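So the structure is just underneath, and the comments pick up after that.
Each value in this text was obtained by applying a stated rule to the coordinates, not by laboratory testing. Because the structure is predicted, anything quoted here is derived from the model rather than measured. Neighbour counts are summed over all protein chains in view; Cβ atoms, including those assigned to glycine, are modelled from backbone coordinates with ideal geometry.
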């Protein structure tokens, strides 16, 4: 039995060719006779066998399968390399987009995510990150719109946008919203500062300004610092003017309290600090002058007291007339030259003869009984049985100081 491929002789009933391994065909009796004939017995069979042997021994029968396998392997390798390259590029784009979004570069992040989605449009992580980044970007743009409104003084409209953004951000915890949240806090500060700034011009008392200063102290940033300085400057100015008025009234204690209160809010105000030193100097000078005034007043009071007690009564127009009965009629006037009213003025009148001999003395009482400062009183009295010309003098006077 001969192989129908290579023509090799095989045993009858053998399943495979012992030379090439081909499965041997089951043929009819005629075919079997043909295939069992020796190769050289039939020219036709010999030629066929020669062709089969020639094909079997051709190298192309082995090269073609190998080439096909190599091509398929190369294609598969190229495919896997390309896919891995795309995956790596998408991963890089995703990472760059994430970093850009976390840094607040929302537009750049969206552009990178769109590029990655162009390669892998069905990756859920890319789709979700793009949606979240877009929301953060929209919020950030809204807050920028609020900034423009604040710059033009439209505080009410800006406040509405800020409140809406705050409500949205309260529901978002993703780190990508960090820059939007920072922008929101900044806009809140700006809004609060502008509201306070708008009210400052209407405030005219230290207490009202101090209240606004307390409000602004919880805020930070350049704008808050500028308004804080504006408040402290105005507060210091009001304190300065108020202290000046108190100094004019010589109320130095109140003036120092006013200055110190102003400095407690504006400790770096040089004008107020210098004025405090000036108030202290004026206070010291005033107290020294006051002490001198008191001393002089006490001295004057003592002098006046002495005068009121020892020199208040001034006697004038003292006269003495001898009547036809030999009696002496004595009269005169008294002025109160003291500084306080006096009363019950009593005089002792001495009577001497023309040669100087002592004759006697008599009492005289002034009326009215109370003499006001500068008021004039009168007195008159008699001394009986003189019978001669005399000289009279007031030797003593007594009174009460009211």
Degrees between helix 155-170 axis and first principal axis of the chain (Cα, 0 to 90, nearest 10): 50
Say each of residue 346 and residue 270 gets a label point 7 Å from the Cα, pointing the same way as Cα to Cβ; how far apart are those two points in nm? 7.7
What do you get for the angle between helix 106-119 and the principal long axis of the chain? Use alpha-carbon atoms, 0 to 90 degrees, nearest ten. 10
Largest fluctuation, 70, 158, 183 only, Gaussian network model of the chain with Cα springs under 10 angstrom, belongs to 70
Packing-ranked peptide list from 285-294, 172-181, highest mean Cβ count within 10 angstrom first, is 172-181, 285-294
Once you have the alpha carbon radius of gyration of region 313-401, what is it after dividing by 2.2 N^0.38 Å, with N set to its residue count? 1.13
What is the distance in Å between the Cα centres of region 113-142 and region 254-306? 74
Which labelled figure in [x] 66.1, 226; [y] 20.9, 61; [z] 20.0, 56 is Rg and Dmax of the Cα atoms in Å, once derived from the coordinates: [x]
Students often check this: by mean Cβ neighbours within 10 Å, which of 333-341, 160-168 ranks highest, and how do the rest follow? 333-341, 160-168
When 231, 200 are ordered from fewest to most other Cβ atoms inside 10 Å of their Cβ, what list results? 200, 231
Order these peptides, 235-247, 354-366, 125-137, by their mean beta-carbon neighbour count within 10 angstrom, highest first. 235-247, 125-137, 354-366
Helix-derived [θ] at 222 nm for the chain: sum -39500 (n - 2.57) over DSSP H runs of at least 4, divide by residue count, nearest 500? -20500 deg cm²/dmol
Compute the Cα gyration tensor for region 108-254, then decide on rounded, prolate or oblate, letting a ≥ b ≥ c be the square roots of its eigenvalues: rounded whenever a/c is under 1.5, prolate when a/b is larger than b/c in the other cases, and oblate in all that remain. prolate
To the nearest 10 degrees, the tilt of helix 124-151 (Cα long axis) against the first principal axis of the alpha carbons of the chain is 30
